[in-house]
Structures are given as C-alpha cells and as structure tokens.
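Reading through the structure tokens given below for one structure.
The values are calculated or read from the model by the stated rules, or taken from the named source; none is laboratory data. Here the structure is a predicted model, which means the values were calculated and not measured. Every residue, glycine as well, gets a Cβ built from its backbone with ideal geometry; the counts of neighbours run over all protein chains shown.
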Number of protein chains: 2
Amino acid sequence: MIPFNKPYLTGKEAHYIYQAVFTGKISGNGVFTKKCHSFFEQHYGFNKCLLTTSCTDALEMAAILIDTQPGDEIIMPSYTFVSTANAFVLRGAKIIFCDSMENHPNIDAEKIEALITPKTKAIVPVHYAGFACDMDKIMGMAEKYNLFVVEDAAQAVDNYYIGKDGTKRALGSIGHLGAFSFHETKNIISGEGGMLVVNDRQFEQRAEIIWEKGTNRSAFFRGETDKYGWVDVGSSFLPSEVIAAFLWAQLENLEDIQKKRIKIWQTYYERLKDFAVANEIALPVKPHYSTNNAHMFYLVCKDVEQRSKLIAYLKSKDILSVFHYLSLHSSPYYKNKHDGRSLSQSDRYTDTLVRLPFYYELTDTDMQTIINEIKQSLA
Amino acid sequence: MIPFNKPYLTGKEAHYIYQAVFTGKISGNGVFTKKCHSFFEQHYGFNKCLLTTSCTDALEMAAILIDTQPGDEIIMPSYTFVSTANAFVLRGAKIIFCDSMENHPNIDAEKIEALITPKTKAIVPVHYAGFACDMDKIMGMAEKYNLFVVEDAAQAVDNYYIGKDGTKRALGSIGHLGAFSFHETKNIISGEGGMLVVNDRQFEQRAEIIWEKGTNRSAFFRGETDKYGWVDVGSSFLPSEVIAAFLWAQLENLEDIQKKRIKIWQTYYERLKDFAVANEIALPVKPHYSTNNAHMFYLVCKDVEQRSKLIAYLKSKDILSVFHYLSLHSSPYYKNKHDGRSLSQSDRYTDTLVRLPFYYELTDTDMQTIINEIKQSLA
C-alpha cells in the first residue's frame, strides 16, 4: 500500500518534548514557541510571528484583527479549504467568491477588481499547492481601494514571490497578515498547528492580546504594564509547548525536508510531462512570479469521469490518490448565500484535480510504480 | 525553589506520541483521540466527548451550539477565567455577572434567579477549585426558565456532584454541555488542551460538524452521508494526535495521580486547619453536595495587604504562591459594559485568595517548609 500522506519524523521530536516538560512549562508561549517564532522571523523576514493551534485559528485571529463586522465583504477563491471562509463567516462577514485561473487553481487576480464594493474589507489570496498568487496585482488593488490582504499561506511555507525587479519575498510576508498550517499533510508538521504572521505593525500589540485570551499577559510579563487583566476579546489561540517542541525538530531539518520534497516533485514532473502533453492531462504550472516549495503534486484530468476512474484504478493497485476542494460557493452551507455567479474554473478543479502521494519517505521505486499505473489508467 | 506548578509526566507520553506517528496519522481525531473519548464516556457517564485544543475552545463550541446571538444574556460568576466570558462575547452575547458565595468562590446559586430576564439564554456555572456548584438548584432554574446550562468544569476532572438522594454524578455530565481543561496546571494535562462534553443529544450531530471545521467529514467517513462538504460554521477545534497521545498516558495513570493529589490536599488541610481558625484565615470549603478532586489548595486572607505580604514573604523564601482571578465585571474590557451592581464576594476573592504550590511531585518535606513559612508570615 502506498499511502497518500505519511507524516515524517526527523527523530528529535520526542527529545524536545521531554526538554519542554523538564523546563516545567508545557502550556503555550514557552521556550520552544519563542524559538519557532524567532526562526520564522529571521529566516523569512516575517515581522512578527505567533504560533497557533491551526491555520484555521490563525485566520480567525486575522478576521478579528481587521475588525471584520457583520455585512463586511471578503473576497477569496471558491477553490479553497472551508476554514478560509469560516474564519470570516464566524465574524458575520459575507464571502464574495472569485474564480480560479484557467491554468492554475489560484485566485484569478484579473477578476478581483470587478468584485470590489464599498463593503469590501479584505482580499484573501490562497497560495494553492504553495505557488504564489499574483501578489503585486493584489497588493496594488488593496492599496487602491484601501483593503486588507490576508495571505492564506497554509501550503506555502518556504516559498517566495518573485517581484518584477527579481527580488524574492517569502509568501506570508507580503499581505498585512499571513496564515500558515503545520497540519500533518504539510511540508513542516506538528499534527495540527498553524501560525499567524503580523506584517502590518498596527496589529502587533492587539495580535498578542487576542492570542492570549484577550489579556495583556505578555506585556505584563515584559514589565510594560503594571496590571494584567481582560482588555479585549480573544481566544486560546496558542498551542502547547509539546506542539512547539515537535515543530522545532521539524524546523531544524527544514533544508533537508525541502531538498527531498523538491526532488520528489521534480521526479513526478520529469517522468510525467511528455505523457501529460500527449494525453491532454495538465500538470502543475509554476507561475513566473513564484518559486516552488514542492508542497504537492497534482494532475488535472479531462473530466470528472476520467478522474474517478483514475482514483479507483490506483486504489485497486493499493495507491491512494485524493481529489481536493469542492467549490465553496456551491457547498450546502453557502449555495443559497452565494450571488449566483458561475465560477467555472473553480468547478473544473473541483471535478478534475487529483493529488498524488507525496511525502518525505516516498521512494523512487514507489514513485515509478505510481507513474506506471497512472499511465496504465489514462493512456 | 518550590515552584507553584510542575507538569507531571507519567513516563509513557513520548512512547504514545511515537505510536501515533507510526500509525501515519498525527492530525486530529485519530486512534488516541478516540481512546480518550471512550475513556471519558465510559468512566464518567458523559454522553459524547470531543477533545479540543483548549477549554476555551470547548466553551466557544458550546456558545455556537446553543446558538448564542447578539444581545443574548449569559449568566456566570465574575470570579472566573476570561475564557468563560470571551467564548460568549465572541458570539455577541452580553455577560450578566453573578456574585460568589460568602464561604466559596463558586457562583451563588441563590442570586441567579434575580438576574434572569427574557433575554437570558444560558447559565454557566464554574466549578471553582474543582468543587461542584449547587447543580440541583441551577438545573431546576434552567428548567423553569427554559435555559441552557454549560458547566465550566475546567478544574473539575474526576469530581462529582452528590444529589439529595446521595447519588453521585460526574461534574461535566449534568449541564446540557460541559467544558474541561487539560492545561498544564490541571490534574490531567496535555500542555494546552480541553474537551467538550455533549450531554443533550440534540447537540450531538452539530457538535461533530462544528468540531470538524463545519464539514460533515465524520458522518461521511462513517458512511452516513454520500457527500462531504461545508454544511455549517465551524472551526478547527480538534487537537493533534500528539496531544491526544500525551493525554492518554495521563489518563492511564489517573487513579495514581488523583490518589497523590488528594494526599497533598489533605496534608495541607490537616496541618493548616487549627492555625487557620486561630488566625482567621479561611481554607477551602467542600460543599456538602461535592466530592473533592484535589485540584488546588488555597487560603483566603483577611485583606489584600495580608495576601501581598504573604506572597512576597513566601517568594523571599523561594516558594511561589499566586493570586488568582480578577473580577471580570471590573476588568478594563468589561467595566463599562457591566450594569454597575456591586459583586463584593467576587471582589473579596480577587483581593484575598492565594493558591499554594500544588503538583504531583510536591514532597512532604516541601509541604512542611511551605506550611512553616506560611505560619511564620501570618501568625
């Protein structure tokens, strides 16, 4: 059996968890949490990082920070995970879904401007498969209309946007706020887990308060205030040190993990590209303004029947491949709230995209088996 | 140095974390999560359990489940943690704070009825120090006025309410919903962590959906529905299997942990009771309708000066004691939203309650040192 995903242990996770316990502190915001924050801040130029229990929670923090109010409109792709939308729906927002690009599941930046109204509060680009959205265009529009940009960088750890002048900026560092995931299917994992990146300094202080259950605990322990109490809304967004210790072991091996994943991605790509062209199957497209963090490898089939057949065939050969998002605008929860616009690219990816097994320990032999069976099924 | 708290490792935490990783699943709702759910359900007669990333998150789930709307009134003690209130404030509720009892920090059930209005939606009793609130009275009032009861059982694991007929019911199993904490300061820990108990069956199905980010994923994987998608609001309330594996190691040792903690509690009590009477210091009072889970040991000083002096004195002797909640009704965030009623008992506990060091590995020698120094300071 070749699974779809297999969490990778670097070997030091348990060691660091023990270390955390021996310091006497395994609740949140301890030594390992701070080590992770510093790593991300220094490595990627993130202004301020806060680990969270999930990317969902990071997005919820973002929704609170930009002061999302009932009736506010938030523009995001329909082809995304439910949490991208739920975080803002929980604050009463209306979600304005935008279509994906024809050659990429990412939000079609050309179509955003037509959706902006006086009620629009934010744009939430999702970097699908880790590939950058067209951030210059999106940030330009945000500036023009005075909107916030929250990057859903759930899949985009260690990836970069390449500007017109060739400079690279880490994904998650460009919008006013950014959200990452360390769910077990991601490149760097802690089971469940996430992180909010606060790039706009106006949100720094409040982010810390909301993170600490609406209290000024952090400022109090830094001696910046003489009273510690309830000063704002908030939640328990911070993860246990057990989670941060686990994550730290992963971060120490980031380079090795990424090297391995990029090799896997390239192997899939090289061995499938000619076959894909010949059989009208699409492979992932790396936009010219994006680097590749090798988060996932997918195929876009001709239609839903071909995809169903492929998934079933691979399953019969003990290979687990999976389809991905279902367009949120036509979900049971949102279809009556959606404005009725057709989002044909989003629906197409819903029907035709299939993700192949992708994990650190995937062997070349297994990959060749997968590729052979794909060719067997689709040729 | 005698710390205030020291997380206790049973020894098998890392072993189970490794096991979780080897199953290939460390995101939420895996084998260990299910083991923890079953343990609690069988051991305490809880109808349905769902692990959460914190007690805060369990309370937020409860606030969503009872359909808290802007303007709804929620009655709870002012002497509690911010999360008890924040969970409902995030849904737009107004908090109606109730005073504590004269002889106990728990909500004064005699004072609740006068606070009930047509807008009241729920009562949230908090079992302070693990001791039961007057649940017969509270449930009776809830029935009379058609209100929900959400038990904040953050500190109340393994404790029981004793009914008039002598029957014991586990705290957390009595209200429509119950919330537990496994924060590192609790009897049973996972660093950060919590659990929602769903006793009222009307909430069962929706609780599972909200827990799984507003999707019907769980029902889908049980084969109860043929489509899996976005069906409701929700969040990522479920913790990593890393956390559940850690918690499982603790649960296996629940009996041993509780035995040890009860011994510590009784030692403090026996060695301080005469001194307390002679010096007008109050010790914890176990209500006649409650058992004791030995969550914490506290003293109630005569006034804030005496308490400050005591904490400072103990600190000078390398003993860390801490004060506890600050009345929420007079917090910076809520003082202008509160209706102005004086809550004198809550304010008194704010000023005078001090928690003594309390953890599994606290030795008899250390306890005797603490007791001697307390006598030195207060006599």
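Brief remarks on what is shown
- Those residues of the range B:5-30 which are of a type outside the set (Ser, Thr, Tyr) and surrounded by fewer than 16 Cβ atoms within 10 Å (Cβ to Cβ), in sequence order: B:Gly11, B:His15, B:Gln19, B:Phe22, B:Gly24
- Reported count of residues in the range B:196-222, each being under 22 Å from A:Thr350 (Cβ atoms) and without any contact (Cβ under 8 Å) to a residue 12 or more places away in the chain, is 3.
- Checklist (1) surrounded by fewer than 24 Cβ atoms within 10 Å (Cβ to Cβ); (2) closer than 15 Å to A:Glu60 by Cα applied to A:Ala153, failing item: (1)
- Every pair of residues 6+ apart whose Cβ atoms lie under 6 Å, when the first sits in the range B:181-195 and is touching a residue at least 12 places away in the same chain (Cβ under 8 Å) and within 7 Å of another protein chain (Cβ to nearest Cβ) while the second is of a type in the set (A, V, I, L, M, F, W, C) and surrounded by fewer than 24 Cβ atoms within 10 Å (Cβ to Cβ): none
- Residue check: B:Ser342 meets all listed conditions (1) in contact with a Phe, Trp or Tyr (Cβ under 9 Å, 6 or more places away or on another chain); (2) part of a loop (DSSP other than H, G, I, E, B) but one, namely (1).
- Test for B:Gly178: is it assigned by TED's automatic domain parsing to the domain that holds B:Gly30, under 23 Å from A:Pro332 (Cβ atoms) and either modelled with pLDDT of 95 or more or buried (at least 19 other Cβ atoms within 10 Å of the Cβ) (or both): no
- Any chance B:Phe46 is under 18 Å from B:Phe237 (Cβ atoms), in a helix (DSSP H, G or I) and within 23 Å of the chain's Cα centre (by Cα): no
- B:Ala156 vs. criteria part of a loop (DSSP other than H, G, I, E, B) and among the hydrophobic types (A, V, I, L, M, F, W, C): yes
- Qualifying residue in the range A:162-172 (condition: among the hydroxyl-bearing types (Ser, Thr, Tyr), in contact (Cβ under 8 Å) with a residue 12 or more places away in the chain and either farther than 14 Å from A:Ala62 by Cα or in a strand (DSSP E or B) (or both)): no
- The listed residue being of a type in the set (Lys, Arg) and under 18 Å from A:Ile64 (Cβ atoms), out of A:Arg169, A:Arg206: A:Arg206
- Members of the range B:78-102 that are away from chain A (no Cβ under 14 Å) and either free of Cβ contacts under 8 Å to residues at least 24 places away in the same chain or under 15 Å from B:His338 (Cβ atoms) (or both): B:Ile96, B:Cys98, B:Asp99
- No other residue among A:Lys309, A:Lys337, A:Lys302, A:Lys315 is charged (D, E, K, R) and within 25 Å of A:Glu184 (Cβ to Cβ) apart from A:Lys315.
- Lone unmet requirement of (1) crowded, with 24+ Cβ neighbours inside 10 Å; (2) away from chain B (no Cβ under 11 Å); (3) assigned to a loop (DSSP other than H, G, I, E, B); (4) not basic (Lys, Arg) for A:Asp67: (1)
- Selected residue (criterion: farthest from the other protein chains (Cβ to nearest Cβ)) from residues of the range A:218-263 that are aliphatic (A, V, I, L, M) and touching a strand residue (DSSP E or B) at 6+ places or on another chain (Cβ under 7 Å): A:Ala244
- A:Pro357 being in contact with a Phe, Trp or Tyr (Cβ under 7 Å, 6 or more places away or on another chain), within 14 Å of chain B (Cβ to nearest Cβ) and either surrounded by 14 or more Cβ atoms within 10 Å (Cβ to Cβ) or assigned to a helix (DSSP H, G or I) (or both): yes
- For the condition within 12 Å of another protein chain (Cβ to nearest Cβ) and either free of Cβ contacts under 8 Å to residues at least 60 places away in the same chain or part of a loop (DSSP other than H, G, I, E, B) (or both), B:Leu59 does not qualify.
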